[in-house]
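One structure is given below, represented as structure tokens, and several questions about it will come after.
The values are calculated or read from the model by the stated rules, or taken from the named source; none is laboratory data. This one's a predicted model, so the numbers in the text were calculated from it and none came from an experiment. No Cβ is skipped: glycine too gets one built from the backbone with ideal geometry, and neighbour counts run over all protein chains shown.
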């Protein structure tokens, strides 16, 4: 009787494992198939008429030519979002993970910041774009400009950066912090030299994800940056419309001219390549940093000298 019961239990376990594996493969296919279909469709439409001159020639008034200024404009937007949203988002994540004290009831503080972040991440991008238009373009009289677009894009991606930073910092083993305290390190020094270095792969992944999100937005930019065929002359933050790739994809695809359709597909292909490059860079960076961290994890840190004030760093 016991042998039969054991056999049934093993059979049920195998069936459960097979079903779980099957659902896992199905979920993977539901993610991979649409992604491959979209990338393949873009490549199939852009490859037959692709010309390398699109990378260094400018767009004409007749919606023909290249996308040099639009590519540079998108890269400038990504860099600006990295600086503005990256700084604020990483600092917010550090505050929530390291400096938000626990309340008397045992719950962590910073609830208002978390609620505000969740609410902000749930706003549709077109709503944020219209708010930026009303507050910045019209309210502050900045006009369609780079600064208006950067502020709205940064507001849109800050919650993602803050969440990934907080999650990455919370995944750092507690033993690392306890070891730093035992060696006499200050909280700020251990945060810079140990905790942040360990959580750096996750933080960088969040930053690159935010840049990818910002590069693919259209509605906020239409309301805040407008559109121009060329970059502004010099560093002009306000009262100057700005070029970007998503406008070419959104607008030229519906144009009647066939040449405009070619430009739209070229812009879509360039956007796909940019996002794929960001993903590859993030994977390479994570792999290299994890390898260096694991390689130096087995080394014994050197104790700081007595009376040194707790500022000695462990030997890498």
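Condition first: surrounded by fewer than 23 Cβ atoms within 10 Å (Cβ to Cβ) and closer than 17 Å to residue 117 by Cα. Now tell me which residues in region 132-153 satisfy that.
Of everything in region 132-153, just one residue is surrounded by fewer than 23 Cβ atoms within 10 Å (Cβ to Cβ) and closer than 17 Å to residue 117 by Cα, namely 151.
Search region 83-100 for residues being modelled with pLDDT of 85 or more and out of contact with any helix residue (DSSP H, G or I) (no Cβ under 6 Å at 6 or more places or on another chain), and hand back the single one that is nearest to residue 176 (Cα to Cα).
Selected residue: 94.
Among the residues of region 23-36, is there at least one that is out of contact with any strand residue (DSSP E or B) (no Cβ under 6 Å at 6 or more places or on another chain) and not in a helix (DSSP H, G or I)? Outline the logic, then answer.
Narrowing region 23-36 to residues out of contact with any strand residue (DSSP E or B) (no Cβ under 6 Å at 6 or more places or on another chain): 23-36.
Subset that is not in a helix (DSSP H, G or I): none.
No, that holds for no residue.
In this structure, is residue 237 modelled with pLDDT of 85 or more and in a loop (DSSP other than H, G, I, E, B)?
Details: modelled with pLDDT of 85 or more: yes; in a loop (DSSP other than H, G, I, E, B): yes.
So residue 237 fits the description; yes.
I'd like to verify a number: residues in region 138-150 that are assigned to a helix (DSSP H, G or I) and either within 16 Å of the chain's Cα centre (by Cα) or without any contact (Cβ under 8 Å) to a residue 40 or more places away in the chain (or both), how many? Show your work before the answer.
Step one: list which residues in region 138-150 are assigned to a helix (DSSP H, G or I), which gives 138-139, 146-150.
Filter once more, keeping what is either within 16 Å of the chain's Cα centre (by Cα) or without any contact (Cβ under 8 Å) to a residue 40 or more places away in the chain (or both): 138-139, 150.
Here the count works out to 3.
Can you tell me how many residues in region 111-137 are closer than 21 Å to residue 77 by Cα and part of a helix (DSSP H, G or I)?
Looking only at region 111-137, we keep the residues that are closer than 21 Å to residue 77 by Cα, and these are 120-121, 123-137.
Imposing the further condition that a residue be part of a helix (DSSP H, G or I) reduces the set to 120-121, 125-137.
Adding up the residues that qualify gives 15.
Also, quick follow-up: Condition first: buried (at least 18 other Cβ atoms within 10 Å of the Cβ) and either farther than 30 Å from residue 244 by Cα or in contact with a strand residue (DSSP E or B) (Cβ under 6 Å, 6 or more places away or on another chain) (or both). Now tell me which residues in region 190-220 satisfy that.
Once the filter is applied, which keeps residues that are buried (at least 18 other Cβ atoms within 10 Å of the Cβ) and either farther than 30 Å from residue 244 by Cα or in contact with a strand residue (DSSP E or B) (Cβ under 6 Å, 6 or more places away or on another chain) (or both), region 190-220 yields 190, 191, 194, 195, 196, 198, 199.
Sort out which residues of region 122-131 are surrounded by 15 or more Cβ atoms within 10 Å (Cβ to Cβ) and over 24 Å from residue 93 (Cα atoms), and write them in order of number.
Applying the first criterion (surrounded by 15 or more Cβ atoms within 10 Å (Cβ to Cβ)) to region 122-131 yields 125, 128-131.
Those that are surrounded by 15 or more Cβ atoms within 10 Å (Cβ to Cβ) and over 24 Å from residue 93 (Cα atoms): 129, 130, 131.
Residue-wise test of (1) farther than 29 Å from residue 127 by Cα; (2) outside any helix (DSSP H, G or I); (3) in contact (Cβ under 8 Å) with a residue 40 or more places away in the chain; (4) not assigned by TED's automatic domain parsing to the domain that holds residue 134.
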| site | (1), (2), (3), (4) |
| --- | --- |
| 165 | no, no, yes, no |
| 175 | yes, no, no, no |
| 194 | yes, no, yes, no |
| 214 | no, no, yes, no |
| 217 | no, yes, yes, no |
| 223 | no, no, yes, no |
| 233 | yes, yes, no, no |
| 248 | no, no, yes, no |
| 260 | no, no, yes, no |
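Being assigned by TED's automatic domain parsing to the domain that holds residue 267, modelled with pLDDT under 85 and over 30 Å from residue 156 (Cβ atoms) narrows it down to one of 106, 66, 7, 111, so name that one.
Numbers: 66 fails: over 30 Å from residue 156 (Cβ atoms); 7 fails: assigned by TED's automatic domain parsing to the domain that holds residue 267; 111 fails: over 30 Å from residue 156 (Cβ atoms).
Matching residue, one of 106, 66, 7, 111: 106.
What is the residue count in region 171-187 for residues that are closer than 19 Å to residue 204 by Cα and surrounded by 14 or more Cβ atoms within 10 Å (Cβ to Cβ)?
Summing the residues that are closer than 19 Å to residue 204 by Cα and surrounded by 14 or more Cβ atoms within 10 Å (Cβ to Cβ) in region 171-187 gives 1.
Could you please let me know if residue 26 is within 21 Å of the chain's Cα centre (by Cα), outside the structural domain of residue 154 (by TED's automatic domain parsing) and without any contact (Cβ under 8 Å) to a residue 40 or more places away in the chain? Break it down stepwise before answering.
Numbers: within 21 Å of the chain's Cα centre (by Cα): no; outside the structural domain of residue 154 (by TED's automatic domain parsing): yes; without any contact (Cβ under 8 Å) to a residue 40 or more places away in the chain: yes.
Spelling it out, it is not the case that residue 26 is within 21 Å of the chain's Cα centre (by Cα), outside the structural domain of residue 154 (by TED's automatic domain parsing) and without any contact (Cβ under 8 Å) to a residue 40 or more places away in the chain.
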